Protein chains: 4
Amino acid sequence: MTMEAFGEENFGDEPRWQAPLERQQGWLTEEELAETRGRVPILYVEALPVRVDHAGRLTEVGLLLRGSPLTGAITRSLVSGRVLHGERVRDALMRHLEKDLGPTAFPVLPTAIVPAAVAEYFPWPGERLSDPRQHAVALAYVVPVTGECQPRQDALEITWLAPEEAAAAEVAADLEGGRSALLRQLLHHAAAL
Amino acid sequence: MTMEAFGEENFGDEPRWQAPLERQQGWLTEEELAETRGRVPILYVEALPVRVDHAGRLTEVGLLLRGSPLTGAITRSLVSGRVLHGERVRDALMRHLEKDLGPTAFPVLPTAIVPAAVAEYFPWPGERLSDPRQHAVALAYVVPVTGECQPRQDALEITWLAPEEAAAAEVAADLEGGRSALLRQLLHHAAAL
Amino acid sequence: MTMEAFGEENFGDEPRWQAPLERQQGWLTEEELAETRGRVPILYVEALPVRVDHAGRLTEVGLLLRGSPLTGAITRSLVSGRVLHGERVRDALMRHLEKDLGPTAFPVLPTAIVPAAVAEYFPWPGERLSDPRQHAVALAYVVPVTGECQPRQDALEITWLAPEEAAAAEVAADLEGGRSALLRQLLHHAAAL
Amino acid sequence: MTMEAFGEENFGDEPRWQAPLERQQGWLTEEELAETRGRVPILYVEALPVRVDHAGRLTEVGLLLRGSPLTGAITRSLVSGRVLHGERVRDALMRHLEKDLGPTAFPVLPTAIVPAAVAEYFPWPGERLSDPRQHAVALAYVVPVTGECQPRQDALEITWLAPEEAAAAEVAADLEGGRSALLRQLLHHAAAL
């Protein structure tokens, strides 16, 4: 990770925050992360990549196929990741979109960071959304992409589906942690169902 | 206007209308419009055109300079216009953006048509927003434009201002009908003030 | 209808708008309404009445049972009605809630009039939402009621259902004009599905 | 804190926790909290308490007068506090409202937890919002209260102001960390300015 992840904004005439770069940008050791996950809810961003027509109408939904960080099984997922210490929500969202979709996806972020949905994941069973690793709270967005997506890192590929296909039960079953409810919530937000 | 104008054959897989808009849709004579304005609130869309950086942060705000339809004086305004009978909100928004900003502005509409603000204009004095012609209810959006704007029709030019400049009192005073309140509301929605 | 429908706000020191009361408040003859419906989209408000727990979590959804204004058949519906000329959106919403749920329902309106959903009804087949009478655009809200509901006028009764029951296919089929999609959209907005 | 604290037996049909909050949840020692604040953004909720008329129109805004946790000086503030590990956003919001406003304030939470604003506080100078202690991300809401407010704990009193008074420069100057921008954003969200 480089400084660019923090976007173009800089900190004006103010002296830069004085800690080492790693600590500034919130990278944690495995041990630190595990410890922190037991103490506070962890802030995430999530994005549903979509294709839109010229008037912004949602035409297709992109779901990632990837190995689960939890089980290793192949599952479908949204773009998702942590907001680092010192990182803006908007920059975290852009960083994870670029990381998961590649440098030529050209995502178009919303003008307001008020999310389309707030998703609460709990580390115990019986909740609408769950994540065995942690209590996570995700700000979730619907993000049009205008370029070509080339999934990177642990994402194997991206599949484009019509909204009603993406919401169908057999696809929903492939989403981890109850995210089928979140996916439908985001599609309803865009009035696409 | 009758149902025949909306024959089902126009609404196959492609929901775009093929015939000239004027004949298909709700263009009204001056007399019909005046009469209708006395009967029901008239539905409008309004848009604040903005420039954003690569992460979607609002950097500049576009205000139109135009002759007031009410007084003829030169005033600043947002992109604004009626939703016609049979027209989708999203299509009305795109139509007015193209009409006011020209064909190369490339506006990027939001994925949800839930507006950033609902603006209520009343035809009498003493209201937050007013319009001597009518009771109008406008769905208002913040819309990034990525291309070049060439104001057309009655818009003389577009001025790009930093958000805090656009919100300043001397600019606000040039906006008709109390729209300075709406402008600030839209800028706050984007957390740009 | 009395002046109270316009709420507590008055028009300050300004002279009241000068037309006859009926015209001020936008009541139209059948003929005028039919004519107007052919000219412009008609602005509506819709509300899904809900029961919430002490922390605002949606626990039950209220659906009205009424005779369809279109077919006379018994159907389920949301609270719904026109915004009159000169009437604020917020006052129209309260007026229709009181009309449909009775004077002791005590609805709690949201602090912002930005709706949970914008619903577009078209008078031809093949749309997500349809209304044979007109092109209508409804601002739709989720509204907690804290008192006792006594349906009035044409509403026969109100049925309280768990969110997942209300969203089920057999209930959805009883909603007119495709409103099952709107109902699910509103339930997803409240993260209740 | 370990998973055992969240034994499944507590989360049957009733999602309310039975044990004292302190033992169940993420209360941290001073040292743990300081360490955690250097590692990840800390999730907060903030609320602007308001009085509304019968149709939900904002009439008055409540600002707390309290000793600053940072400087000890008397400052104005919103209701504000951390979301604890394992705690729902909605429950955290209610807990802080009750803590700051007393047991008889009767706050009415929104039906959706999507906030009116997302507020990002950074621990260095030069930002729109800042907090020397930490990088905090707050989900901010406008919350009507219908009962009597009796500020508790460190809040000395609550002052009720008309929206335009609350937004005025001299009041704004008494709000810590740049929250005058957040206050105005929330007032604009409610169309109260």
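The values are calculated or read from the model by the stated rules, or taken from the named source; none is laboratory data. Source: prediction; values computed, not measured. Virtual Cβ from ideal backbone geometry, glycine too; neighbours counted across all protein chains shown. For accessibility, only protein heavy atoms count, side chains too; no ligands or nucleic acids. Shrake-Rupley method; radii C 1.70, N 1.55, O 1.52, S 1.80 Å.
In order along the range C:57-74, the phi-based Karplus estimate (6.51 cos²θ - 1.76 cosθ + 1.60, θ = phi - 60°) of 3J(HN,Hα) comes to 6, 5, 10, 9, 10, x, 10, 7, 10, 8, x, 4, x, 8, 10, x, 5, 7 Hz; Gly and Pro are listed as x. On a per residue basis, the protein assembly as shown carries 39 Å² of accessible surface, using protein heavy atoms and a 1.4 Å probe. Please label the shape of the range A:116-178 as rounded, prolate or oblate, based on the square roots a ≥ b ≥ c of the eigenvalues of the alpha-carbon gyration tensor (a/c under 1.5 means rounded; beyond that, a/b larger than b/c means prolate, else oblate). Because a/c hits 1.5 or more and a/b exceeds b/c, the range A:116-178 counts as prolate.
On the protein heavy atoms, probe 1.4 angstrom, tell me the percent of accessible surface of the range A:113-171 carried by carbon and sulfur. Mind dumping the intermediate values first?
Working: 1110 of 2270 Å².
Ligands and nucleic acids excluded, carbon and sulfur give 49 percent.
Charge dipole (Cα centre; +1 on Lys/Arg Cβ, -1 on Asp/Glu Cβ; no other charges) of the protein assembly as shown amounts to roughly 180 debye.
For chain B, a Gaussian network of Cα nodes joined below 10 Å ranks B:Pro107, B:Pro49, B:Pro69 by mean-square fluctuation, and the top entry is B:Pro69. For chain D, a/c is not less than 1.5, where a ≥ b ≥ c are the root eigenvalues of the C-alpha gyration tensor, and a/b does not top b/c. That puts it in the oblate class. Taking the Cα centre of chain B as the origin and placing charges on Cβ (Lys, Arg +1; Asp, Glu -1), which of B:Thr71, B:Ala55, B:Leu109 is farthest toward the positive end of the dipole? Result: B:Ala55, furthest along the dipole toward the positive end.
Using a Gaussian network model of chain C in which every pair of alpha carbons under 10 angstrom is joined by a spring, one finds that among C:Ala172, C:Ala162, C:Ala140 the greatest mean-square fluctuation is at C:Ala162. Toward the positive end of the charge dipole of the protein assembly as shown, with +1 on the Cβ of Lys and Arg and -1 on the Cβ of Asp and Glu, the farthest Cα among C:Val145, D:Val143, B:Leu175 is that of B:Leu175. Excluding ligands, DNA and RNA and using a 1.4 Å probe, chains A and D jointly bury around 3500 Å² of accessible surface, summed across both partners. Dipole magnitude for the range A:55-193: about 360 debye, using +1 per Lys or Arg Cβ and -1 per Asp or Glu Cβ, origin at the Cα centre. With helices as the sole contributors, chain C gives -6000 deg cm²/dmol at 222 nm; each DSSP H run of n ≥ 4 counts as -39500 (n - 2.57), and the sum is divided by every residue. Of the residues making up the range C:72-119, those losing 40 Å² or more of accessible area when the isolated chain is joined by the remaining protein chains, with a 1.4 Å probe, are C:His85, C:Gly86, C:Arg88, C:Arg90, C:Met94, C:Thr111, C:Ala112, C:Ile113, C:Val114, C:Val118.
Shape verdict for the range B:84-150, please, from the Cα gyration tensor: rounded (a/c under 1.5), prolate (a/b greater than b/c) or oblate. Taking the square roots of the gyration eigenvalues as a ≥ b ≥ c, the range B:84-150 is prolate. Dividing the alpha-carbon Rg of the protein assembly as shown by 2.2 N^0.38 Å yields what? In units of the 2.2 N^0.38 Å rule of thumb, it is 0.93. Counted over chain C, the DSSP beta bridges are approximately 70% antiparallel.
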